[in-house]
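> Sharing a structure here in structure tokens format.
The values are calculated or read from the model by the stated rules, or taken from the named source; none is laboratory data. What you see is a predicted model; the values in this text were computed from it and never measured. Note: ideal-geometry Cβ built from the backbone for every residue, glycine included; neighbour counts use all protein chains shown.
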Amino acid sequence: DGGITQSPKYLFRKEGQNVTLSCEQNLNHDAMYWYRQDPGQGLRLIYYSQIVNDFQKGDIAEGYSVSREKKESFPLTVTSAQKNPTAFYLCASSSTGVGNQPQHFGDGTRLSIL
Amino acid sequence: GQQVMQIPQYQHVQEGEDFTTYCNSSTTLSNIQWYKQRPGGHPVFLIQLVKSGEVKKQKRLTFQFGEAKKNSSLHITATQTTDVGTYFCAGPSWGKFQFGAGTQVVVTP
């Protein structure tokens, strides 16, 4: 089945530690996205990529980094500079990045601070 | 920048009743999309509206795009417990989506 796989489902971060969240898709989609969701709130865009080897900052990129070396993969690193990383992180993809195509979401990763 | 606002933030509904949630954009949208997120789950695409004044139905759900393409609504008739969740609208802006904060729907049996 085609879809988006996020791992791990739960992740714990120690103070001063960088952690990387994985996102893989086999939908052959060009565009991929990372969102952060805090309890009871909407989705805020962290980074997005419309094509391999290119990505742009979203609304809350500070303290995060991404790479897009392969079409299928868009990992997100939460750096120690992100002082309040506890949240639900969602990865999504769409066939193109022009804003006219539906987004397909993974099951998410819940990140907590130890 | 573009902002997409949704009201109400919370909606408590008695099973069998109807309700409507609204989405408003500060700018004209080329299209608007609606998503549903069940508790503990991830957003799932419901529908996309493109044309001015467009109305689409999915069983008990009716979606409408405003004439000016700056607002949209989702109307649910005869609410069921399966309708529980948060409904988001989203509008595109240069390759990324601006999601509204969502309407969280709670259904009382």
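Let's see how each residue does on (1) touching a strand residue (DSSP E or B) at 6+ places or on another chain (Cβ under 6 Å); (2) at pLDDT 95 or above; (3) polar (S, T, N, Q); (4) crowded, with 19+ Cβ neighbours inside 10 Å:
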position	(1), (2), (3), (4)
A:G2	no, no, no, no
A:T5	yes, yes, yes, no
A:K9	no, yes, no, no
A:L21	yes, yes, no, yes
A:E24	yes, yes, no, no
A:N28	no, yes, yes, no
A:Y35	yes, yes, no, yes
A:P39	no, no, no, no
A:I46	yes, yes, no, yes
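> Same structure, new question: Considering B:G53, B:G16, which residue is without any contact (Cβ under 8 Å) to a residue 24 or more places away in the chain and surrounded by fewer than 16 Cβ atoms within 10 Å (Cβ to Cβ)?
Every option except B:G53 fails the conditions.
> Now, a different point. Which ones in the range A:63-97 are out of contact with any Gly (no Cβ under 6 Å at 6 or more places or on another chain), part of a loop (DSSP other than H, G, I, E, B) and either β-branched (V, I, T) or within 10 Å of another protein chain (Cβ to nearest Cβ) (or both)?
Passing the criteria: A:T86, A:T96.
> Can you tell me which of B:K51, B:K57, B:K36 is more than 17 Å from A:Q37 (Cα to Cα), assigned to a strand (DSSP E or B) and touching a strand residue (DSSP E or B) at 6+ places or on another chain (Cβ under 8 Å)?
Step by step, each of B:K51, B:K57, B:K36 is checked, and only B:K57 is more than 17 Å from A:Q37 (Cα to Cα), assigned to a strand (DSSP E or B) and touching a strand residue (DSSP E or B) at 6+ places or on another chain (Cβ under 8 Å).
> When you go through (1) modelled with pLDDT of 95 or more; (2) loosely packed, with under 14 Cβ neighbours inside 10 Å one by one for B:P109, which number turns out not to apply?
B:P109 satisfies every listed condition except (1).
> So, of the residues in the range B:36-58 that are of a type in the set (K, R) and over 19 Å from B:A68 (Cβ atoms), which turns out to be farthest from the other protein chains (Cβ to nearest Cβ)?
The qualifying residue farthest from the other protein chains (Cβ to nearest Cβ) is B:K57.
> I want to confirm something. Restricting to the range A:98-114 and keeping residues that are surrounded by fewer than 20 Cβ atoms within 10 Å (Cβ to Cβ) and under 22 Å from A:F12 (Cα atoms), which single residue is nearest to the other protein chains (Cβ to nearest Cβ)?
A:D107
> State all residues of the range A:68-85 that are more than 18 Å from A:S95 (Cα to Cα) and out of contact with any Ser or Thr (no Cβ under 8 Å at 6 or more places or on another chain); if no residue qualifies, say none.
A:S80, A:A81, A:Q82, A:K83, A:N84, A:P85
> List pairs: first residue in the range A:48-76 and under 18 Å from A:P8 (Cβ atoms), second residue in a loop (DSSP other than H, G, I, E, B) anywhere in the structure, Cβ distance under 6 angstrom, at least six positions apart or on different chains.
So the pair list comes out as A:F74/A:R68.
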